[in-house]
1. Basic (Lys, Arg) and within 11 Å of ligand 1 (Cβ to nearest atom): does that describe ARG200?
2. Tell me which of these ASP202 doesn't satisfy, since it passes every other one: (1) more than 10 Å from ligand 2 (Cβ to nearest atom); (2) in a loop (DSSP other than H, G, I, E, B).
3. With (1) in contact with a Pro (Cβ under 8 Å, 6 or more places away or on another chain); (2) more than 16 Å from ligand 2 (Cβ to nearest atom) as the list, and ARG65 as the residue in question, which single condition is left unmet?
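Please treat every number below as a calculation from the coordinates, not as lab data. Fair warning: this is a prediction, and the values are worked out from it, not measured in the lab. A quick note on method: Cβ atoms are made from the backbone with ideal geometry, for glycine too, and the neighbour counts reach across all protein chains shown.
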Amino acid sequence: MPVWNSCPDVTTIAAAIPGPVRAGKQKTTIIQVTNKSTARLRLGLILLAGGLFARGAGADGDAERGKTLAYTCLGCHGIDGYRNAYPSYRVPKLGGQKAAYLTIALQGYSAGMRQHPTMSAQAGSLSDQDIADTATYFASLGGGTVAAGGTSGAALEAAQTCAACHGQNGISLSPSWPTLAGQHEDYLVHALNQYRDGSRKDPVMVPMAATLSDESVLQLAQYFAGLEGLETTEVE
Ligand code: HEC
Ligand code: HEC
């Protein structure tokens with residue numbers, strides 16, 4: 001059992017945060033729960049991300065309707081190894097991704113948190129209900145591995161910080177945070193570099209990625225890509 005998973009603090013607190021709660025109130029919770037400084041550091045990170053519960057909270061959609069809507073998306077997301085041209089990296093896998101995160105990501109393209117002309121156009125063409133339905137559909141495709149919380153990877157020291165949110169096995173601990181397990185390695189590198197150069201904005205990941213060297217970016221991307229999890233949704 002990995003050390004990280006055997007420590008109950010993170011999951012306990014993640015579960016204890018009921019939704020959009022104000023930061024000050026959450027802080028009180030930490031102090032009551034534990035006075036261990038390492039745990040507090042981890043919880044601080046969780047709370048920092050806690051604000052994200054407010055965004056894209058419920059992706060309570062209709063998977064059947066989402067499947068019909070997703071037909072266009074599969075022209076890129078449904079072809080294993082399909083590449084974005086400039087820069088060249090593989091189109092991210094969506095099968096088994098967390099529903100609330102998918103909603104946040106789609107809203108992010110419309111809101112300018114993320115820059116990608118095609119995805120902004122795609123996201124902009126969807127209503128809130130369309131987004132919820134599509135997100136519910138993709139999230140439902142994870143298969144057994146995602147549902148079971150992933151398979152245990154060979155724990156990588158450098159990935160311990162990430163595990164607080166993205167899970168020891170790369171399956172994220174909250175519906176609002178992306179699962180990284182099984183994602184394309186070159187897409188993960190691309191995403192981390194976007195946080196590092198500021199072209200992708202996120203209050204949690206920008207400071208997190210700023211601490212990484214080029215070498216750690218590659219090492220972490222390779223590690224998470226190698227774990228079992230997300231899938232390419234093939235066109236039926
Ligand atoms: C022309 C190809 C193309 C089409 C069509 C397309 N996408 Fe994408 N999608 C991409 C690329 C490339 C990215 C990565 C962009 C980036 O770097 O932010 C992406 C990213 C995403 C992400 C973010 C994934 C993550 O892990 O953060 C989501 C969610 C997404 N697409 C959903 C959709 C949905 C839903 C549709 C259909 C309505 C769709 N896409 C249609 C190419 C496409
Ligand atoms: C405090 C929680 C937290 C920690 C710790 C954390 N992340 Fe994240 N991560 C997030 C959230 C939230 C997002 C989604 C941000 C957004 O919407 O752009 C994210 C997004 C990502 C993405 C983009 C995924 C995608 O599908 O586009 C990558 C890659 C990533 N994180 C890698 C890491 C790595 C590597 C570490 C450790 C060095 C790490 N994260 C630590 C919360 C966290």
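1. yes
2. Here ASP202 meets the rest and fails (1).
3. Looking at each condition in turn, ARG65 falls short on (1).
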